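Note sheet for the following structure.
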Amino acid sequence: MSKLKSLEELFLHELKDLYSAEKQLLEALPKMAKKAADPKLKQAFEMHLEETKVQKERIEKVCELMGISPGRMKCKAMEGLIEEGEDMIDEDATPETKDAGLIASAQRIEHYEISGYGTAAHFAERLGHKEAAQLLNETLKEEQNADTKLNKLAKSFINPKAMEK
């Protein structure tokens, strides 16, 4: 990997990383939805899968605006987070406890994405890439909303059920 020499180069690197993260998540979410026992959690994963498809297209548009190909970079952080989620999928646990663990795994992923999109949006704003910043901020808001939904589901419904077992 060549040396990053400017905020612009770092921004483009971040875009490629986010693209890889979204691609990996598109493969992981159906597995998480399949293993979710609670219908509301299954639906939340399925809805986020559809949202993630749009987010991938949006990051492709940002890359196009910036005149780059998203490339074949592998987001190692997302790879690790998904691996932990897959460990939870394979865990020998009651359905209620597994659902709580799936939410925990999904929220770690959301927090990573929130961090990544927040940083990339700030870089875009700072560098004067207004349209890219707008698109990145749109995804950032969606990721924040997904995290909030998962948090509410966990606190109001899933975690209390897991405590009963």
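In the set 44, 37, 33, 21, which member is touching a Pro at 6+ places or on another chain (Cβ under 6 Å) and either surrounded by 14 or more Cβ atoms within 10 Å (Cβ to Cβ) or acidic (Asp, Glu) (or both)?
Going through 44, 37, 33, 21 in turn, the sole match is 37.
Could you check the stretch 105-118 and list, in sequence order, the residues that are hydrophobic (A, V, I, L, M, F, W, C) and in contact (Cβ under 8 Å) with a residue 40 or more places away in the chain?
106, 109
Consider residue 37 against the criteria (1) farther than 25 Å from residue 123 by Cα; (2) in a helix (DSSP H, G or I): it satisfies all of them except one. Which criterion is unmet?
Looking at each condition in turn, residue 37 falls short on (2).
Within the bounds of the stretch 65-86, is there any residue that is of a type in the set (Ser, Thr, Tyr), touching a Gly at 6+ places or on another chain (Cβ under 8 Å) and either touching a residue at least 24 places away in the same chain (Cβ under 8 Å) or farther than 15 Å from residue 28 by Cα (or both)?
no
Can you tell which of 51, 14 is assigned to a helix (DSSP H, G or I) and either under 19 Å from residue 102 (Cβ atoms) or touching an Asp or Glu at 6+ places or on another chain (Cβ under 9 Å) (or both)?
Sole residue among the options that is assigned to a helix (DSSP H, G or I) and either under 19 Å from residue 102 (Cβ atoms) or touching an Asp or Glu at 6+ places or on another chain (Cβ under 9 Å) (or both): 51.
Mind telling me which of the residues 94, 139 ends up being surrounded by fewer than 19 Cβ atoms within 10 Å (Cβ to Cβ), β-branched (Val, Ile, Thr) and in contact (Cβ under 8 Å) with a residue 40 or more places away in the chain?
None of the others qualify; the one that does is 94.
Values in this text are rule-based calculations from the coordinates and carry no lab data. Because the structure is a prediction, the values reported are computed rather than measured. Every residue, glycine as well, gets a Cβ built from its backbone with ideal geometry; the counts of neighbours run over all protein chains shown.
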